[in-house]
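K.L.:
Just dropping this structure here.
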Amino acid sequence: MTMLVFIGALLGTMALGLPIAFALLVTGLVLMFWLGLTDPQIVMQNMWDGANSFPLLAVPFFMVAGEFMNAGGMTRRIIAIAMAWVGHIRGGLGYVAVIAAVIMASLSGSAVADTAALAAVLLPMMRASNYNVYRAGGLIGAGGIIAPIIPPSIPMILYGVSGQVSVTKLFMAGIVPGMLMGMALILTWRFYAHKEKVHTAPKASMKERLSKTGEGFWALLLPIVIIGGLKTGVFTPTEAAVTAAAYSLVVGLFVYREIKLKDTCRLFLNAAKTTSIVMFLVATASVSAWLITAADIPMQLAGLLAPVMDKPVLLTLTLMLMVLLIGTAMDLTPTVLIMTPVLMPILKQGNIDPVYFGVLFIMNVSIGLITPPVGTVLNVVCGVGKLSMEKLIKGIWPFLLAETLVLLSLVVFPELVLVPLKWMTH
């Protein structure tokens, strides 16, 4: 009955149109009264404890880094590099979108920001070159959701903090799955690109390619610094975030010179606004998470999953299907914050590696960003490209299917995540 009260309160408040942070807070209060815990101090203490975490300092710094990267011209130079190398191939702009999405994922970790940047630059070029703009928009959206999987990843930080899982290991474990998603998109796009009569760009000379690569060198160096530093233990994820923010500011100010000192206040303010939304979500979700544990909801769910509890692959598949359904109706961040404390005891009972599951979990909720009815990334593509949502959904389904198949392959073959992780963390 307690589980029904929790689900009913959450869905009911969301149906009333309450913002998700306040819906989580109200759900926590409903659970509190249901359990007979009427001490208001529970709410304030858990909100404070939820946000008062050193690893969460990485969130504002990665947000700031993302602002500096976009304003400093890093994004544009990455797209220019991809254009120089593969822009002349039939359907080349599609390959540019995927390659740029993978590289940008290793810089910012924000699906919405990466998708908006790619759509703003590439969709007008694709429309002018006679591409099917809805399929192209679907590809850009599907490429954008690789951002939360390849490090640095804010959703992985939230999962790691909520579930007390090593963020460094999560970052390392996300590299191969993210690359596999990129490869799946390239293969799917290749199937459709040969059927379309599109205009191709002239082939760039080797001199032009090397010139564009040289211009983007400082942008390409950042992910190497972050991943290399994490692997060698030079810095923690939080310190990596500070490094990324400082690096992107210095490059934007003194190398590319596209950021002016007067712009920095505006960029800091933009990052602060986004961070405040995430941190308030973290704080309110902490109230619900504490009460979920107090109400023993994870054990109730474990009871329902008892038939598959001793079969790790089936248990993982069942949990993935459940998360996939939730992800279609709820945005990424609240899904991570709500589901992590519910699922963590089940993972321990079912002997599932929390790092491995965390990567699959983040992949799953990222796929939810391009599935209706919520589909945050779909809305970004529609807004930037002025596209019809109905037609965009038809254009994205091949890429959505390809990424879902990658997710299922990782469920069936956990070694695809665990073996590279073992190598990268030793």
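K.L.:
Does V417 qualify as being β-branched (V, I, T), touching a Phe, Trp or Tyr at 6+ places or on another chain (Cβ under 8 Å) and either surrounded by fewer than 13 Cβ atoms within 10 Å (Cβ to Cβ) or touching a residue at least 60 places away in the same chain (Cβ under 8 Å) (or both)?
P.N.:
For V417, the condition - β-branched (V, I, T), touching a Phe, Trp or Tyr at 6+ places or on another chain (Cβ under 8 Å) and either surrounded by fewer than 13 Cβ atoms within 10 Å (Cβ to Cβ) or touching a residue at least 60 places away in the same chain (Cβ under 8 Å) (or both) - is met.
K.L.:
Yes or no: region 269-280 includes at least one residue that is in contact (Cβ under 8 Å) with a residue 40 or more places away in the chain, over 28 Å from F68 (Cβ atoms) and assigned to a helix (DSSP H, G or I). Write out each step before concluding.
P.N.:
In the first step, residues of region 269-280 are kept if they are in contact (Cβ under 8 Å) with a residue 40 or more places away in the chain; the result is 270-272, 274-275, 277-280.
Subsequent filtering for residues that are over 28 Å from F68 (Cβ atoms) retains none.
Within region 269-280 (the criterion being in contact (Cβ under 8 Å) with a residue 40 or more places away in the chain, over 28 Å from F68 (Cβ atoms) and assigned to a helix (DSSP H, G or I)), the answer is no, since none of the residues qualifies.
K.L.:
So I146 fits all but one of (1) surrounded by fewer than 24 Cβ atoms within 10 Å (Cβ to Cβ); (2) β-branched (V, I, T); (3) under 22 Å from V59 (Cα atoms); what number is the exception?
P.N.:
All conditions are met except number (1).
K.L.:
Then there's this: So the check is Cβ under 9 Å with 6+ separation or different chains; which pairs have a first residue in region 249-260 that's farther than 11 Å from W218 by Cα and without any contact (Cβ under 8 Å) to a residue 24 or more places away in the chain and a second one that's among the small types (G, A, S) and assigned to a loop (DSSP other than H, G, I, E, B)?
P.N.:
Pairs found: R257/G72; R257/G73.
K.L.:
Still on this structure, I have one more. Restricting to region 195-213, give me the number of residues that are out of contact with any helix residue (DSSP H, G or I) (no Cβ under 7 Å at 6 or more places or on another chain) and closer than 18 Å to M125 by Cα. Write out each step before concluding.
P.N.:
In the first step, residues of region 195-213 are kept if they are out of contact with any helix residue (DSSP H, G or I) (no Cβ under 7 Å at 6 or more places or on another chain); the result is 195-199, 202-203, 205-207, 210-211.
Next cut, closer than 18 Å to M125 by Cα only: 196-199, 202-203.
Counting residues in region 195-213 that are out of contact with any helix residue (DSSP H, G or I) (no Cβ under 7 Å at 6 or more places or on another chain) and closer than 18 Å to M125 by Cα gives 6.
K.L.:
If you don't mind, there's one more thing I want to ask. Those residues that are of a type in the set (G, A, S), free of Cβ contacts under 8 Å to residues at least 12 places away in the same chain and farther than 23 Å from L170 by Cβ, I need them from region 212-245; list them, please.
P.N.:
As a first pass, look at region 212-245 and keep what is of a type in the set (G, A, S): 214, 216, 219, 228-229, 233, 240-241, 244-245.
If we keep only those that are free of Cβ contacts under 8 Å to residues at least 12 places away in the same chain as well, we get 214, 228, 233.
Hit for region 212-245 is G214, nothing else.
K.L.:
Could you tell me whether region 208-222 includes any residue that is assigned to a helix (DSSP H, G or I), within 16 Å of E67 (Cα to Cα) and not aromatic (F, W, Y)?
P.N.:
yes
K.L.:
Can you find a residue that is part of a helix (DSSP H, G or I) and farther than 25 Å from A111 by Cα anywhere in region 369-376? Before you say what the answer is, go through the steps one by one.
P.N.:
Let us first name the residues in region 369-376 that are part of a helix (DSSP H, G or I), namely 369-370, 376.
Subsequent filtering for residues that are farther than 25 Å from A111 by Cα retains none.
No, region 369-376 contains no residue that is part of a helix (DSSP H, G or I) and farther than 25 Å from A111 by Cα.
K.L.:
Take I226 and tell me if it is in a helix (DSSP H, G or I) and either in contact with a helix residue (DSSP H, G or I) (Cβ under 6 Å, 6 or more places away or on another chain) or loosely packed, with under 14 Cβ neighbours inside 10 Å (or both). So that I can check it myself, show each step before the final result.
P.N.:
Details: in a helix (DSSP H, G or I): yes; either in contact with a helix residue (DSSP H, G or I) (Cβ under 6 Å, 6 or more places away or on another chain) or loosely packed, with under 14 Cβ neighbours inside 10 Å (or both): yes.
So I226 passes the test.
K.L.:
Take the residues of region 35-63 that are within 13 Å of S288 (Cα to Cα) and without any contact (Cβ under 8 Å) to a residue 60 or more places away in the chain: which is surrounded by the fewest Cβ atoms within 10 Å (Cβ to Cβ)?
P.N.:
M44
K.L.:
Between residues in region 319-343 that are in contact (Cβ under 8 Å) with a residue 60 or more places away in the chain and residues that are aromatic (F, W, Y) and surrounded by 20 or more Cβ atoms within 10 Å (Cβ to Cβ), which pairs lie under 7 Å by C-beta distance while being six or more apart or on different chains?
P.N.:
Listed pairs, sorted by first residue: V336/Y159; T340/Y159.
K.L.:
With the condition being touching a helix residue (DSSP H, G or I) at 6+ places or on another chain (Cβ under 6 Å) and closer than 25 Å to I259 by Cβ, I'd like the helices (runs of 4 or more DSSP H) fully within region 64-175 carrying at least 3 qualifying residues.
P.N.:
Values: elements: 74-86, 92-105, 111-128, 133-144, 154-163.
Helices (runs of 4 or more DSSP H) meeting the threshold: 74-86, 92-105, 111-128.
K.L.:
Can you list residue pairs whose Cβ atoms sit under 9 Å apart, with the first residue in region 288-311 being over 30 Å from W48 (Cβ atoms) and the second being exposed (fewer than 15 other Cβ atoms within 10 Å of the Cβ)? Count only pairs 6 or more apart in sequence or on different chains.
P.N.:
Once the first residue is over 30 Å from W48 (Cβ atoms) and sits in region 288-311, its partners that are exposed (fewer than 15 other Cβ atoms within 10 Å of the Cβ) give D310/N351.
Residue-by-condition table, conditions (1) within 19 Å of V417 (Cα to Cα); (2) of a type outside the set (A, V, I, L, M, F, W, C); (3) out of contact with any helix residue (DSSP H, G or I) (no Cβ under 8 Å at 6 or more places or on another chain):
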site	(1), (2), (3)
A302	no, no, no
M320	yes, no, no
G327	no, yes, no
P354	yes, yes, no
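No lab work stands behind these numbers, since they all come straight from the coordinates. None of these values were measured; they are calculated from a predicted model. Note that each Cβ is placed from the backbone with ideal geometry, even for glycine, and that neighbours are counted across all protein chains shown.
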